[in-house]
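Participant: Below you will find the structure I want to go over with you.
The values are calculated or read from the model by the stated rules, or taken from the named source; none is laboratory data. Every value quoted in this text rests on a predicted model; they were computed, and no experiment measured them. Counting neighbours? That spans all protein chains shown, and the Cβs are built from the backbone with ideal geometry, glycine included. For accessibility, only protein heavy atoms count, side chains too; no ligands or nucleic acids. Shrake-Rupley method; radii C 1.70, N 1.55, O 1.52, S 1.80 Å.
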Amino acid sequence: MAETPSLAGVRVLDLTNVLAGPFACHQLAHLGAEVIKVEAVGRGDLARNLGADPALSAKGMGVSFLAQNAGKRSIALNLKYPDGVAAFMRLLETADVLVENFRPGVMARLGLDYDTLRKTQPKLIYCAISGYGQTGPWVDRPAYDQIIQGASGVMSITGNEVSGPLRVGYPLADTVGGLTAAMAICAALNAPTRGQFIDVSMLEAVLATMGWVVSNHLIAGATPAALGNENPTSAPSGAFQCADGLLNIAANKDEQWVLLAKHLARDDLLENPDYATREDRKRNRLRLKAELETVLTTRPADDWAEHLNVIGVPSGAVLQVPEILGHPQVAGREFLSHFDTVPGVGRPIDLARTGFMIDGERPEVDAPPPMLGDATDALLAELGYTTQEIAQLKQDGAAQ
């Protein structure tokens, strides 16, 4: 980016694994923070061994790891060894933020919990990401994305009556939890006095994003239901069959409904009392859908989308992931970063950046994802360790 990045000069220690924590620190790295990934000796982040390419997983550079660790440096320390902890404490003295996503209690057993660390680092921003938060009857439960999707009610409203509860097709809880953590950390960095403990519950982070689903229950007493591709707040609003696939149409306003019916030459529907008001259309949504599809199935989805958007009816074809990544709307906005050389991978890779631009430029990092312990020697030397001391740490298994 042309100007100094927002988080330039901020050092973040990333002690996280797999997705929620690494994704949070991925956002911070793109905003200019120096992110140091503190990994376990011999193992590193579990995501190093996960992903759709078994060969990369075997090398400890799995696709799941590559996806959200670009721009970070890796130091491998054994925090169960006193010398490893001592090195970590030296590193902590240089840091502004610590992020971890262990189960509650793990960091306390290591003597590295917030209450302990703040005694010597009162300005430390400590962010703990867990499935259910640091308190409550489920505090000791392990949590993965699908577990949280089920517990939050997300699965109960995904799919339809026939399909039954379904998980969202990507790790929703992990990524929402990570974004929530990144937002809270940025706020803490802007506080008049630094030094906070941030308790991120993936369960609550997901519930907070469920908006109308939760509010319709709390305020209107409505029981959320799985409506498939139908929008519960309006009709016609959902996915409609076209000649070659599905088309999403969101005729949420009365004027959009009128424009849609006229464009499809179905003015007769505007005279039908069953579709006179929004509530009428919602009540009779399936019959209305069938009526509209008698016309929509005569042409391709992209064709309908082009014409409907022109007249002011929001619509878009349901695309496959490769289709949208290759589309000029995404490809032309520098959403992907390209790395020609990636140690441990042996071939160029493309990675997603962030979902925003700043002053017309996409935040970026200047280094590919790190190999395990790629910066151990450099960081330990920066902390004052001699070459001989570093060698001894490695020989003793306290570092790698």
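Participant: For Lys289, give me every one of the lysines with a C-alpha distance below 23 angstrom, ignoring sequence neighbours fewer than eight places off in its own chain.
Facilitator: Cross-link targets: Lys253, Lys262.
Participant: Under a GNM of the chain (C-alpha, springs under 10 Å), which listed residue has the highest mean-square fluctuation: Asn229, Asn216, Asn160?
Facilitator: Taking springs between Cα atoms under 10 Å, the residue moving most is Asn216.
Participant: Given N residues in the chain, what is Rg(Cα) / (2.2 N^0.38 Å)? Can you show the working numbers first?
Facilitator: Values: Rg = 25.2 Å, N = 400, 2.2 N^0.38 = 21.4 Å.
That works out to 1.18 for the chain.
Participant: Please give the per residue accessible area of the range 239-305, computed with a probe of 1.4 Å over protein heavy atoms only, in Å².
Facilitator: Heavy-atom SASA per residue in the range 239-305 reads 51 Å².
Participant: About the Cα centre, and with charges only on the beta carbon of Lys, Arg (+1) and Asp, Glu (-1), how big is the dipole of the chain? Nearest 20 debye, please.
Facilitator: On the way: 33 positive and 46 negative charges, 176 e Å.
For this selection, approximately 840 debye.
Participant: A further question on this structure: Report the extension gain between Arg287 and Val310 in nm, rounded to one decimal, defined as 0.36 nm multiplied by the number of residues separating them, less their alpha carbon distance.
Facilitator: 5.7 nm
Participant: How many percent of the accessible area of the chain is carbon or sulfur, using a 1.4 Å probe?
Facilitator: Details: 10930 of 19870 Å².
Ligands and nucleic acids excluded, carbon and sulfur give 55 percent.
Participant: Gaussian network model of the chain, Cα springs within a sub-10 Å range: biggest mean-square fluctuation belongs to which of Ala70, Ala181, Ala352?
Facilitator: Ala352
Participant: For Ala352, put the label point 7 Å out on the Cα→Cβ axis and report which residues of the range 35-73 keep their amide N under 12 Å from it.
Facilitator: 67-68
Participant: Now a separate question. For Ala86 and Ala55, what is the calculated FRET efficiency with R₀ set at 51 Å and r taken between the beta-carbons, to the nearest 0.05?
Facilitator: 0.85
Participant: How large is the accessible surface per residue of the range 1-155, computed with a 1.4 Å probe and reported in Å² as a whole number?
Facilitator: Per residue, the range 1-155 has an accessible area of 41 Å².
Participant: Treat each spin label as a single point 7 Å out from the Cα along the C-beta direction, and report the Leu227 to Glu3 distance in nm.
Facilitator: Once both label points are built, they end up 4.2 nm from each other.
Participant: Still on this structure, please answer the following. Can you find, among Pro363, Phe335, Leu325, the residue farthest towards the positive end of the dipole of the range 244-400? Put +1 on the C-beta of Lys and Arg, -1 on that of Asp and Glu.
Facilitator: Final value for the positive-end residue is Leu325.
Participant: How would the range 78-124 be classified by its alpha-carbon gyration tensor: rounded, prolate or oblate, with rounded meaning a/c under 1.5 and the a/b versus b/c comparison settling the rest?
Facilitator: oblate
Participant: Taking amide H positions as placed 1.01 Å from N in the peptide plane, with prolines and chain starts having none, which residues 5 or more places from Ala33, or on another chain, fall under 5 Å of its amide H?
Facilitator: Those qualifying (amide H under 5 Å, at least 5 residues apart or on another chain) are Leu7.
Participant: How big is the antiparallel share of DSSP beta bridges in the chain, given as a percent to the nearest 5?
Facilitator: 40
Participant: Under a crude label model (7 Å from the Cα following the beta-carbon direction), how far is Lys253 from Glu364 in nanometres?
Facilitator: Here the modelled spin labels are 3.8 nm apart.
Participant: What residue among Thr233, Tyr385, Val162 has its Cα farthest toward the positive end of the dipole of the chain, where the charges are +1 on Lys, Arg and -1 on Asp, Glu, each on the Cβ?
Facilitator: Sorting the options by dipole projection puts first Tyr385.
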